[in-house]
Amino acid sequence: MAMRGLSWADRRRAIVLLILAAIGLSLLFFTYHTAFYRAPSCTDGIQNQGEAGIDCGGPCQYLCSTHVQPPTAQFVRPLANGGNRTDIIAYIDNPNPAAAAAGATYSVQLYGTDGALLAQKSGTVDLPPHSTVPVFMPNFYNGAGQAANAFITFDQASLKWFLSTTSPQTLPVSNIQVAASTSTPNVTATITNPTALPFYNVRVVVVVLGASSSSNNVIAASQTVVPSIPAQGTAPLTFTWSVPFAGTPVREEIFPIVPLAHP
């Protein structure tokens, strides 16, 4: 032993120094660990803690994109709405029965008959599980170009899928009446709030379909915002157009847009 040749006082001094050195190293390690160590999380940009991908799957609230199906468009239609105004209506399908995405960012491109890009705009939409939701963009284009085709694409980075098997609260719509034979047609209806809490500023989209074998024969679309719907009460809905319908309406589909609860 190196300490055998030392006096008792020197050995005691060496032991004290060793103890102090051990304490110092422990304090240094603790300081470093506290300052620089970060516990694994679902936002650290690293695949760890049993995650199926980087910050997704496993213990994380969000699902990995490889484990869900992307949204698809049933159709994207430009609609002439008087003068040079063109609206856009689209139906978006979320085929996932147990996955939802809130605030998904999309971009719509409108092309003319000559193939030129007339307008491009973006927006966001909630995608409840196993659902079809409308994307309505009024006054999308106002110009002399003749609209021909429209397309929609999603920003994949904005598709934050999370586990969900329930849709937003349903607000039933009844008493749908259509006045289509005038130069300024309208649709009226009643929306019901079956819950014990009021709803405020509810956006509602109506899609009017014409007589055709095609499932996307949309002849008109519009939206309104209901300022308030009392608890267990009702509110009137009115949708108006300044030009006649482009065909004979045979069916109306009305979509109350209720925000999707998300992590």
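Run down Ala150, Ala144 and say which single residue is modelled with pLDDT of 95 or more and either assigned to a loop (DSSP other than H, G, I, E, B) or in contact with a Pro (Cβ under 7 Å, 6 or more places away or on another chain) (or both). After ruling out the rest, the residue left standing is Ala150. Contact annotation: residue pairs with Cβ atoms under 8 Å, 6 or more positions apart or on different chains, pairing a residue in the stretch 221-244 that is touching a residue at least 60 places away in the same chain (Cβ under 8 Å) and buried (at least 16 other Cβ atoms within 10 Å of the Cβ) with a partner that is among the hydroxyl-bearing types (Ser, Thr, Tyr) and outside any strand (DSSP E or B), are Trp241/Thr184.
Out of all the residues in the stretch 98-118, is one or more touching a residue at least 40 places away in the same chain (Cβ under 8 Å), among the hydrophobic types (A, V, I, L, M, F, W, C) and surrounded by fewer than 15 Cβ atoms within 10 Å (Cβ to Cβ)? Checked against the condition, which is being touching a residue at least 40 places away in the same chain (Cβ under 8 Å), among the hydrophobic types (A, V, I, L, M, F, W, C) and surrounded by fewer than 15 Cβ atoms within 10 Å (Cβ to Cβ), the stretch 98-118 yields at least one hit.
Condition check: at negative phi, surrounded by 20 or more Cβ atoms within 10 Å (Cβ to Cβ) and assigned by TED's automatic domain parsing to the domain that holds Asn139. Does Leu63 satisfy that? Steps first, answer last, please.
Numbers: at negative phi: yes; surrounded by 20 or more Cβ atoms within 10 Å (Cβ to Cβ): yes; assigned by TED's automatic domain parsing to the domain that holds Asn139: no.
Considered against the rule, which asks whether it is at negative phi, surrounded by 20 or more Cβ atoms within 10 Å (Cβ to Cβ) and assigned by TED's automatic domain parsing to the domain that holds Asn139, Leu63 comes out as no.
Checked against (1) over 25 Å from Val207 (Cβ atoms); (2) touching a Ser or Thr at 6+ places or on another chain (Cβ under 9 Å), Ala100 meets all criteria but (1). Report yes if Ser167 is hydroxyl-bearing (Ser, Thr, Tyr) and part of a loop (DSSP other than H, G, I, E, B), otherwise no. So Ser167 fits the description; yes.
Residues that are closer than 24 Å to Ile92 by Cβ and touching a Gly at 6+ places or on another chain (Cβ under 7 Å) within the stretch 172-221 comprise Gly210, Asn217, Ile219, listed in sequence order.
For the stretch 180-213, filtering for residues that are farther than 12 Å from Val250 by Cβ and either more than 21 Å from the chain's Cα centre (by Cα) or in a loop (DSSP other than H, G, I, E, B) (or both) leaves 18.
Check whether at least one residue in the stretch 18-35 is hydroxyl-bearing (Ser, Thr, Tyr), modelled with pLDDT of 85 or more and surrounded by fewer than 10 Cβ atoms within 10 Å (Cβ to Cβ), and report yes or no.
Step one: of the stretch 18-35, the residues hydroxyl-bearing (Ser, Thr, Tyr) are 26, 31-32, 34.
Subsequent filtering for residues that are modelled with pLDDT of 85 or more retains none.
Checked the stretch 18-35: no residue is hydroxyl-bearing (Ser, Thr, Tyr), modelled with pLDDT of 85 or more and surrounded by fewer than 10 Cβ atoms within 10 Å (Cβ to Cβ).
Taken as a whole, the stretch 153-165 holds no residue that is modelled with pLDDT of 95 or more, hydroxyl-bearing (Ser, Thr, Tyr) and over 30 Å from Gly57 (Cα atoms).
The values are calculated or read from the model by the stated rules, or taken from the named source; none is laboratory data. Just so it is clear, the model here is predicted, and its values are computed rather than measured. As a convention, Cβ positions derive from the backbone with ideal geometry for all residues, glycine included, and neighbour counts pool all protein chains shown.
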